[in-house]
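First comes the structure, then the notes that go with it.
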Amino acid sequence: MKHSSEKRWQFWPAPTPTSSIFVEKFWRELPPGDMLSFLLGVFFTFSIIGYLVVLWDGQWYSWTNVVVTVALVGVVAAGYAYTSLTRRFKWLVLFVALHTGLVFIQSFFQQEGKPIQSSQLTIIGMLILIHIVLGYVLFAIFISRVGDRIGRIRQELELGQKMHAALVPPLRGKYGYVEVYGRSLPMQEIGGDLMDVVATPGRVTAYVADVSGHGVSAGLLMSATKSAIRTALHHNHSLEALLREVNPVILGMKERTMFVTFAGVHFDANRHLAEIVTAGHPPVLYYERKTRTVHTLQVSQLPLGAHRGQLFQTRVVHYALGDIFLLFTDGILETYRTSFELLDTERVAATLREHSAEGLDAIYAALRQTIDATVKPIDDQTILLLRCLG
């Protein structure tokens, strides 16, 4: 089998790093009135710096200069706050230009200054006090309005923790003739990754899936996907038939922009065959004990939920005692440094081969060490190890 580390499984733009999906969601979905209160609070609080710039210079140019300086400082501060909190960084160029303009205006007017009079100092002091009061009042209004919203988000987080723990518990032990070790680490309280192992007479099916998005909607689709797969496994004896039955269920429940990537292995103990499928998902790594070779198994096709009537292709390999299959989601490959990058699957394969004689928990620990040394997590990370026992 050809060993390849091609990564053609991406069907969406490279993600950007974020400290919290829910924080970004909070600011992006903030009602316009509440956002206006917050930004005005920032404006009046930080525009005080404009008055301080005038006082620090010690020269008086005109009230027009004062107003322009104060206004620009406030607008730039509000602009920086808006772009950073909502992650709309394309607006950053505008506010950097305004900031540059502020510096230019200050340097331009410096040639015509006069000493500041006491009456002017008194007026500026009163204006600073007014700005402080207005900033405080606007922030108080903002906090009182968003209190309920923050409470709802906190409830969503708690619900998400319980939902993820129930849907994606750690997997460890023997499922029929397959030893299993798997863990899923969500980036947020409600991740989008899913993994499961189901043993039926003479067969074992294991898979990982990645639901696009995060939050309660992703969690609900995860639950529906897991339930549909378990139901379909009672009467389907191939991954191709399984996905063909599950696909309409996902189409009927998902939001328009959502989909589910999938990678699975279906073991047939009687014939020592493993059926492999990937649908819009990273490859399955297969360690062949006899040759000490790691094969990259992948079928390039669209994810679940892409369109109705979709057909799925699979591939079959012969396995032997001690062979290992590694399934994972794209989160273990994605990293963000100065630009979006991918951890090469060759490094993951090399770690698997190097530690193949150890227990699955030790292999998992070695994989995590390799991943953590390279990857700054920007997505959920799921690893599922499967060792054939017979």
- Task: For region 44-57, just list the computed ³J(HN,Hα) in residue order, Karplus coefficients 6.51, -1.76 and 1.60, θ = phi - 60°, integers in Hz, with x standing in for Gly and Pro.
- Result: 5, 6, 8, 5, 4, 4, x, 5, 5, 4, 4, 5, 5, 5
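Efficiency by 1/(1 + (r/R0)^6): what FRET value for Asp344 and Ala365, r their Cβ-Cβ distance, R0 = 25 Å, to the nearest 0.05?
Numbers: r = 20 Å, r/R0 = 0.81.
Taking R0 as 25 Å, the efficiency between Asp344 and Ala365 is 0.80.
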- Message: Please list, in order along region 220-236, the HN-Hα scalar couplings obtained from phi with the Karplus expression 6.51 cos²θ - 1.76 cosθ + 1.60 (θ = phi - 60°), rounded to whole Hz, x for Gly and Pro.
- Response: 5, 5, 4, 4, 5, 5, 4, 5, 5, 5, 5, 5, 5, 5, 5, 9, 10
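Apply the a/c threshold of 1.5 to the C-alpha gyration tensor of region 168-388 and tell me whether it is rounded, prolate or oblate. Please report the intermediate quantities before stating the final value.
Numbers: a/c = 1.64, a/b = 1.07, b/c = 1.53.
In terms of gyration-tensor shape, oblate.
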- Message: Order these by the 10 Å Cβ neighbour count, fewest first: Phe89, Phe44, Phe26.
- Response: Phe89, Phe26, Phe44
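Please compute the length gained on full extension between His272 and Arg88, using 0.36 nm multiplied by the number of residues separating them and subtracting their Cα-Cα distance.
Values: separation 184, 0.36 × 184 = 66.24 nm, distance 5.28 nm.
This chain segment gains 61.0 nm when fully extended.
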- Query: Nearest 0.05, what FRET efficiency do Glu358 and Arg308 give at R0 = 35 Å with Cβ-Cβ as r?
  - Reply: 0.20
- Item | Mean Cβ count within 10 Å, highest first, over the residues of peptides 115-128, 279-292 | 279-292, 115-128
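Would you mind ranking Met195, Met222 so that the residue whose beta carbon has the fewest other beta carbons within 10 Å leads the list?
Working: Met195 26, Met222 23.
If I rank by nearby Cβ atoms, fewest first, I get Met222, Met195.
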- Task: Counting residues in region 232-363 as N, plug N into 2.2 N^0.38 Å and put the Cα Rg over that result.
- Result: 1.17
- Query: Once the other residues with Cβ under 12 Å from the Cβ of Arg292 are scored (Lys, Arg +1; Asp, Glu -1), what is the net sum?
  - Reply: 0
- Extended-chain gain in nm, criterion 0.36 nm per residue less alpha-carbon gap, Glu240 and Glu255: 3.0 nm
- Item | Proximal charge balance of Leu171 [Cβ under 12 Å; K/R count +1, D/E count -1] | 0
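How much length is gained if the chain between Ile150 and Asp34 is pulled fully straight, taking 0.36 nm per residue apart and subtracting their Cα-Cα distance, in nm to one decimal? Mind showing how you got there, number by number?
Working: separation 116, 0.36 × 116 = 41.76 nm, distance 1.29 nm.
That pair, Ile150 and Asp34, stretches by 40.5 nm at full extension.
At a Förster distance of 30 Å, what's the computed FRET efficiency of Arg315 paired with Ala166, Cβ-Cβ distance as r, to 0.05? Kindly include the intermediate steps, with their values, before the conclusion.
Values: r = 33 Å, r/R0 = 1.09.
Calculated transfer efficiency: 0.35.
Taken together, the values in this text are just the output of simple stated rules run on the coordinates, not laboratory data. Remember, predicted model here, so these are calculated numbers, not experimental data. As a convention, Cβ positions derive from the backbone with ideal geometry for all residues, glycine included, and neighbour counts pool all protein chains shown.
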